[in-house]
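Read the figures in this text as sums done on the coordinates, not as results from a lab. Computed from a predicted model, the values in this text were never measured in an experiment. For neighbour counting, all protein chains shown are included, and Cβ atoms are generated from backbone atoms with ideal geometry for every residue, glycine included.
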Amino acid sequence: MSLFGAAALLLATGPAAPAAPVKPAAQAPERSPRAYGPAVPKQARTVALTFDDGPSRYTPQILAVLRRHHVHATFCMLGDEARRYPELARQVVAEGHQVCNHSRDHANLQKASTAKVRAEVTKAQKQIKKATEVTPKVFRFPYGASDSQARKVVHGYGLRVLGWNVDPEDWTRPPAKKITTRITAHVKNGSVVLMHDGGGDRSHTAASLEATITRLRARGYTFVLA
Ligand SMILES: [Zn+2]
């Protein structure tokens, strides 16, 4: 893929990696007409891996697999956990992964007061910043539960709301093989996969990751930040 193809792809895939600054004004005239056609060329298969509710003592195992396969992922951290495990939070950032705010303590923010939403978002931003020296640019609602008022508050802090569309329900602790097959059976181009590195025993998730990455890569997928 040409450099411009890659840039066009980043622009066209929507939730692109914020780490890839492009200058649309300078590059727009040089993009091929194809960039304005179908959103993503068929052969450009991308998938984003995301890990919620950490950091926790399972995070290092997950980081080790990602490191071995040169895959970058998005970690939706709870502020309280980032405060509890600052060195793990820092390691996530140091290894090039994206940090996402997942609230302070996993409160359900649907139908919550504006004050409650503000408190959960800003406290977690501070806790994550303190641990990692990075201010998250994305937010994922606990349980994916939100309403228009809560989303408005989150957007007001300049945060992009991150969802998902492949959920292997790894938190129910199915066998590792099942986590992998649930993911590989449902991943399509542009999928965002929800997994968990915190919130309980995540040994099955950690054990499943190697096969998941290997199989998706064998099918031509490249891994992007959500
Ligand atoms: Zn969560």
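List of remarks:
- Selection within the range 117-149: residues that are among the small types (G, A, S) and within 15 Å of the ligand (Cβ to nearest atom). The member of this set that is surrounded by the most Cβ atoms within 10 Å (Cβ to Cβ) is A124.
- Note on the range 53-112: among residues that are among the hydrophobic types (A, V, I, L, M, F, W, C) and in a loop (DSSP other than H, G, I, E, B), the one that is nearest to R151 (Cα to Cα) is L109.
- Some residue of the range 104-113 being crowded, with 22+ Cβ neighbours inside 10 Å and in contact with a Leu (Cβ under 6 Å, 6 or more places away or on another chain): no
- Some residue of the range 186-200 being without any contact (Cβ under 8 Å) to a residue 24 or more places away in the chain and either over 21 Å from T59 (Cβ atoms) or surrounded by fewer than 20 Cβ atoms within 10 Å (Cβ to Cβ) (or both): yes
- Any chance P86 is surrounded by 23 or more Cβ atoms within 10 Å (Cβ to Cβ) and either out of contact with any Asp or Glu (no Cβ under 8 Å at 6 or more places or on another chain) or within 21 Å of T59 (Cα to Cα) (or both): no
- For the range 106-116, filtered to residues that are within 11 Å of the ligand (Cβ to nearest atom) and over 18 Å from the mean Cα position of the chain (by Cα), the residue that is nearest to E81 (Cα to Cα) is A107.
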